[in-house]
Amino acid sequence: MIRSTNKDKIAVCCSRARQMFISQLTRPCITWRRIQIKKKITLVISTVVLFFVYWKFGTFNENIEGNPLRYASHELDSKYFLEPLVTEDFPTVIGQAPKIPHIIHQTYKNEFIPNKYIPFIKSFVKYNANWTYMFWTDASARKFISDRYPDFLPVWDNYAEPINRADALRYFVLYEYGGVYADLDFECLRPLDRVTMKYTAVFPLEPFEHAVFRLRIPFCVNNAIMMAQPKHSFLRHIVYTISSFRPMKGTLDVAGPIFVTTQYMLYNNFSVGEFYKVAEDHQGSSPYHYKGRLHETDPRAVYVPNTHYFMNTLAENWFSKSYWHYRRVCSNLDPTSGTLERKACNEFKAREDRSEHDHFRFTYTRHHWFFTHNTLNFLPDVTRYTNIQKIVPHLVLYT
């Protein structure tokens, strides 16, 4: 039997005393850390609540020039707004063959689609059951370019980002086949037959709030949804000039919406200052901006529809300037604010004042703004996927 000596007892007592002393020293530190964590959590929650309150209940500056009411006269209305109020359906003609083929084009990197897109894909099939559905992957897209446009293949292979190839593909596909191209985050709300009858090319704009508040320009031609007949002269202009834009630094400039807007102005021979010009002989429901010298029904023309029909929602994303930003800008307008900003704020105010029924009354497609090219790559991929051929069994793949 081993007996404890007085020396051992003293050592044990000293050890316990040391532990108690250290515990007393570290306890305030731990408590302080907990308090700091609680403060940070409280700050985050408060910030989110304030953003929500500002987004939901923020008010507009009452000094905005003009009352945001629509006027019967286009001339008067264009002084306060950027496009007319839509009161009737998309312009069309009856009793003739469609000028734009009934083909839907969509694309993804492979055949396995994130499940969040399934309802949107099915909506196009549901409302356009007799249309051809063509689906494009990275592999089939490269084969298509190699087969049909081999001179462009070196540019294709040397694009810096996959989004550049995805942007470029849609122009070549529409030029080759014609039809309607739509990003996967678009939902179809109505049959598209009506919009294919009157015009040979239809290129909707981004919402004006995006163009004015984010890009500081009067309008921006989008490339997320567009439609045209095959071999249209505007698309020919695009596919034969797109190579020279590959060195551009910004994604939007290489082959995205800024690229399309630039091509639109070049194609329509805009002179200096006409980018900000209001059309003098405006008719119909299209936006008020100057659109060139071609009449909208000319086979060479590009028809720009009212944003109500295809691009009727604003982006809601933490990485972009959203509703709270537009509210802040419009609530801080002062007498020195430019006319363009005032018009955009009137558009935004009118957008918020409309009822759900009126806002989507004549809308054909709804953009859900998923921003797939801005995915946070450091986050784990928890997405579930489904093969596109199970979603659309009768689809056409390029081989």
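Some notes on this structure:
- Of the residues examined, THR339 is not one that is under 18 Å from GLU187 (Cβ atoms) and modelled with pLDDT of 75 or more.
- Search result, residues across segment 323-368 that are surrounded by fewer than 18 Cβ atoms within 10 Å (Cβ to Cβ), of a type in the set (Ser, Thr, Tyr) and farther than 20 Å from TYR309 by Cα: SER331, THR336, SER337, THR339
- Count of segment 349-372 residues which are closer than 13 Å to PRO207 by Cβ and in contact with a Lys or Arg (Cβ under 8 Å, 6 or more places away or on another chain): 3
- Condition broken by ARG366, with the remaining ones in (1) over 17 Å from the mean Cα position of the chain (by Cα); (2) under 21 Å from PHE219 (Cα atoms); (3) not aromatic (Phe, Trp, Tyr) satisfied: (1)
- Scanning segment 118-135 for residues that are of a type in the set (Phe, Trp, Tyr) and in contact with a helix residue (DSSP H, G or I) (Cβ under 6 Å, 6 or more places away or on another chain) yields one hit, PHE135.
- Options PHE112, PHE52, PHE60, PHE124; residue that is surrounded by 17 or more Cβ atoms within 10 Å (Cβ to Cβ) and either modelled with pLDDT of 65 or more or under 30 Å from CYS188 (Cα atoms) (or both): PHE124
- Residue match in segment 289-306 (condition: without any contact (Cβ under 8 Å) to a residue 12 or more places away in the chain and closer than 18 Å to PHE213 by Cα): no
- Screening ALA344 on (1) modelled with pLDDT of 90 or more; (2) assigned to a loop (DSSP other than H, G, I, E, B); (3) among the small types (Gly, Ala, Ser); (4) closer than 20 Å to ASP77 by Cβ shows it passes everything except condition (2).
- Filtered by the rule that a residue be of a type outside the set (A, V, I, L, M, F, W, C), over 23 Å from THR363 (Cβ atoms) and under 22 Å from the mean Cα position of the chain (by Cα), segment 108-158 gives TYR108, LYS109, ASN110, PRO114, ASN115, THR137, ASP138.
- Candidates are the residues of segment 304-321 that are surrounded by fewer than 19 Cβ atoms within 10 Å (Cβ to Cβ) and not acidic (Asp, Glu); the one that is modelled with the highest pLDDT is THR313.
- Subset of segment 112-127 (residues that are out of contact with any Leu (no Cβ under 8 Å at 6 or more places or on another chain) and under 14 Å from LEU397 (Cβ atoms)): PHE112
- Within segment 263-289, tally of residues that are crowded, with 20+ Cβ neighbours inside 10 Å and over 30 Å from HIS357 (Cα atoms): 3
- One residue stands out in segment 347-368 among those that are in contact (Cβ under 8 Å) with a residue 40 or more places away in the chain and assigned to a loop (DSSP other than H, G, I, E, B): the one that is farthest from SER286 (Cα to Cα), namely HIS368.
- Test for LEU174: is it in a helix (DSSP H, G or I), on the phi < 0 side of the Ramachandran plot and touching a strand residue (DSSP E or B) at 6+ places or on another chain (Cβ under 8 Å): yes
- Helices (runs of 4 or more DSSP H) lying entirely in segment 209-325 (those with 2 or more residues that are under 30 Å from ASP151 (Cα atoms)): 233-239, 251-254, 257-267
- ASN223 meets each of the listed conditions (1) more than 30 Å from SER78 (Cβ to Cβ); (2) without any contact (Cβ under 8 Å) to a residue 60 or more places away in the chain; (3) of a type outside the set (Lys, Arg); (4) touching an Asp or Glu at 6+ places or on another chain (Cβ under 7 Å) apart from (1).
The values are calculated or read from the model by the stated rules, or taken from the named source; none is laboratory data. All values derive from a computational prediction rather than experimental measurement. Note that we place each Cβ from the backbone using ideal geometry, even for glycine, and neighbour counts take in every protein chain shown.
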